[in-house]
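First comes the structure, then the notes that go with it.
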């Protein structure tokens with residue numbers, strides 16, 4: 001009885017910590033531009049804590065095996081994003097979200113039936129991104145309107161995330177590292193944003209966050225590959241820390257690269273504006289985000 005109470009108390013504490021972390025990140029995302037929002041949501045803000053808790057309960061080989069299972073699931077997540085983006089242009093939040101989640105579940109079931117290697121997982125990610133990134137390009141550039149948050153937003157997100165953590169931790173004891181690795185990266189942040197942000201901001205602005213997320217998901221794939229390789233060698237704590245640093249560094253590089261690339265276009269915009277060309281259009285880098293001026297982009 002004492003052990004059961006201790007387990008439930010520990011589980012509840014872990015659920016609360018993860019929920020608070022994810023809700024905070026989601027609020028920051030809503031108040032940001034789509035590009036910055038995408039870079040935040042593609043950080044492992046839900047799967048990261050899940051792996052920390054797995055490391056507390058299991059050894060490094062378990063964590064490594066879980067990371068190997070999570071690596072190809074990244075493919076399902078990018079296609080979840082692509083499905084949502086396409087549906088959100090004309091459909092409501094419920095239909096768009098259900099279609100996207102259905103695609104994720106179907107792909108996860110197929111992926112879970114395959115015995116993967118790190119090389120195979122990286123190749124699958126490369127193929128998936130080479131297909132999805134060009135298809136997402138036309139949906140990236142939409143302004144995010146002001147969003148009024150409802151009273152139920154935070155409880156709803158917290159309950160989603162807490163439920164995911166409970167499932168991952170429980171599955172880790174009952175089903176082993178492979179199932180845990182498949183469940184842990186379920187895009188709970190993405191799905192909660194679909195259901196909450198879409199009805200308020202509209203389909204295209206919400207879809208723009210997901211359309212800009214492909215670059216960040218690439219970094220997540222590299223981080224999972226690194227965690228699989230490092231955890232058995234240096235331990236789970238160092239492996240998870242290094243994987244997290246890859247995600248953060250990757251997204252910072254994307255942000256910096258976008259800022260650098262957009263600078264010449266700002267200059268072109270100024271020159272065209274000086275010439276009184278009211279219909280000036282300039283190219284726009286996918287990861288550019290400038291606070292002072294709206295950049296109009298051609299599809």
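The values are calculated or read from the model by the stated rules, or taken from the named source; none is laboratory data. Bear in mind that the values here come from a model prediction, so they are computed numbers and not experimental data. Every residue, glycine among them, receives a Cβ derived from its backbone with ideal geometry; neighbour counts consider all protein chains shown.
Residues that are surrounded by fewer than 18 Cβ atoms within 10 Å (Cβ to Cβ) and at pLDDT below 80: does the range 84-91 have at least one? No, the conditions are met nowhere in the range 84-91.
Across the range 139-159, which residue is modelled with the highest pLDDT among those that are in a helix (DSSP H, G or I) and surrounded by fewer than 20 Cβ atoms within 10 Å (Cβ to Cβ)? Write out each step before concluding.
Looking only at the range 139-159, we keep the residues that are in a helix (DSSP H, G or I), and these are 139, 153-159.
Remaining after also requiring surrounded by fewer than 20 Cβ atoms within 10 Å (Cβ to Cβ): 154-156, 158-159.
Working: 154: 68, 155: 73, 156: 71, 158: 71, 159: 76.
Across the range 139-159, the extreme among qualifying residues is 159.
Take the conditions (1) modelled with pLDDT of 95 or more; (2) more than 21 Å from residue 243 (Cβ to Cβ); residue 136 misses just one of them, which is (1). Restricting 78, 45 to residues that are at pLDDT 90 or above and either closer than 30 Å to residue 202 by Cβ or over 14 Å from the mean Cα position of the chain (by Cα) (or both) narrows the list to 78.
Listed here are the residues, each with its yes/no results for (1) within 26 Å of residue 200 (Cα to Cα); (2) in a helix (DSSP H, G or I); (3) free of Cβ contacts under 8 Å to residues at least 60 places away in the same chain; (4) within 17 Å of the chain's Cα centre (by Cα).
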| residue | (1), (2), (3), (4) |
| --- | --- |
| 72 | no, yes, yes, yes |
| 97 | yes, yes, no, yes |
| 110 | no, yes, yes, no |
| 114 | no, no, yes, no |
| 119 | no, yes, yes, no |
| 122 | no, yes, no, no |
| 136 | yes, yes, no, yes |
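Yes or no, residue by residue, for (1) at pLDDT 65 or above; (2) more than 30 Å from residue 55 (Cβ to Cβ); (3) under 18 Å from the mean Cα position of the chain (by Cα); (4) exposed (fewer than 15 other Cβ atoms within 10 Å of the Cβ):
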position	(1), (2), (3), (4)
222	yes, no, yes, no
225	yes, no, yes, no
252	yes, no, yes, yes
255	yes, no, yes, no
258	yes, yes, no, no
